[in-house]
Structures are given as structure tokens and as C-alpha cells.
Amino acid sequence: MTTGKTRDEIAEAYSSEPWWYDIRGFFILTFAYNSTIGTQMRFFGPNFGPDHLEVACGTGTLLEMILNWRRRRKLPKVNVVGIDYAPSMLAGAKKRFAKDPQVKVQHADAADLPFPDNHFDTANIANSIHCFPTVDGALRDIRRVLKPGGTLAANVLLYPSGFAPLRWAAQKINDWGIKKGILYSPFREEDIRRKMLDAGYEIASEFKSGNTWNVIARKPLIAQ
């Protein structure tokens, strides 16, 4: 399996201006993930408890859209901590949420989170788990900081499938992403599912959409 770069090399690959990252991300979402913003808001939007962790929040563009989606539906207000390892992405997120007391943004490694055990009700990893060089460590540490019964929502980029022209386009984008350093590796569904289970989660729900596996995983109420 071809894999990408180290944690610091990946962070360096996100050194572009935040606006360019957002434009680039839209094309990757459309042609590599074969997904839409609407699909992602409906998937991630409900998974916000009173204290929420947004892992690899990037520039905060998607997080802001999801929070607006929740406000339009009059869903409960929540306290959000957004983390990212790339300084340029964090700069965009900090500027975006500077006047929003609901959201705090800070630098952190998903595999070494600076939070106590059993701290968050929910966590989301949007469009990012396949960019982690230490997926197993990140899944374990996110589980650690979730409260018993807390849920993690994640969408995971899979190896492309489906109609040939779209599959070829997605593969080209993935190859470019690995070379650029913004993608560590896509997954096979059975492999990433096994990683979730091995990290100690229960699978609450799952479905495939385009080239992504979407999962709601739960930290068991009783320690395993």
C-alpha cells in the first residue's frame, strides 16, 4: 500500500493560504470523495454533544457551515474545541471564530491530545482521518477523551470504485494528494472498520457514500 509523509511533512503541505485550501478541498470533495457539502452537514451536524471535539478542523470552513446548519434547525448550543496540527490552517480557523465564544481553537496532535480522560461528549473527524500518519494512535486517544457512551463521527476516504472515468479521476487526485503530502493513504472499508474495533469502539451506524465510509462509533459505557 502506497503511503504518504510524516506528521510534520503533512502539516507543511498545508502551508497555503486558507482560501486556497478551501477551494482545493471543494474539488477533492467532489471528484475524489464523490460527496457533497450537504451530505456532510447532514452526517456530522447531529453528532454534537454539550462538549464537542472537532479533530483536524482545518480552516474551520466546514465546521462553521455545520454550526450554522444546527442553528437554522434550532438544535442545542454546544461548546466546541477545534484542533489541528497545521499552523496555517489554525490561523484561518482562529480568525474565523475569533468572535464566537462557542468555539475555541488550538494546536494539537490527534494522537497525543492535551485533554483529560472522559472529557468530551462527542467528536468529529471530517475529511481527515485518511491524512493521519498515526491513525491507530489517534483513534485510541480520541476514545480516551470521550466520555463513556460518547460518539465519534468520521468519514474515511476509500480506494476509488464505481464508474471507470470517475474512478480514474479519483485515483489521479489521490496519487497527487499523497505526493503533495495532504493525503497519507486511502483505506479499504474492512481495514478501517477493523481499526475502529481494535481501538475499542462499538460501531453504532455506518454507510458508504461515493468513495467514503461514514461511521458513527461509540465508546462503550463499560470500560473494555
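No value in this document is a laboratory result; all are computed from the given coordinates. Keep in mind it's a predicted model, so treat the numbers as computed, not measured. Neighbour counts run over all protein chains shown; Cβ positions are idealised from the backbone, glycine included.
Annotations for the structure displayed:
- Take the Cα of residue 68, step 7 Å toward its Cβ, do the same at residue 194, and the gap between the two points is 4.2 nm.
- Most to least packed among 208-215, 72-79, 112-119 [average Cβ atoms within 10 Å]: 208-215, 112-119, 72-79
- The calculated FRET efficiency for the pair residue 207 and residue 134, based on their C-beta separation and a Förster distance of 30 Å, comes to about 0.70.
- Computed from label points 7 Å out along Cα-Cβ, the spacing between residue 147 and residue 161 is 3.6 nm.
- Inter-label distance for residue 77 and residue 99, nm, one decimal - labels placed 7 Å from Cα along Cα-to-Cβ: 1.6
- All C-alpha pair distances within segment 26-101, sorted into 10 Å bins from zero, spread as 18, 49, 30, 3 percent across the bins.
- The packing ranking of peptides 95-101, 197-203, highest mean first, is 197-203, 95-101, where packing means the average number of other beta carbon atoms within 10 angstrom of each residue.
- Cross-link table 77/99; 74/94; 77/104, entries beyond 20 Å C-alpha to C-alpha: 74/94
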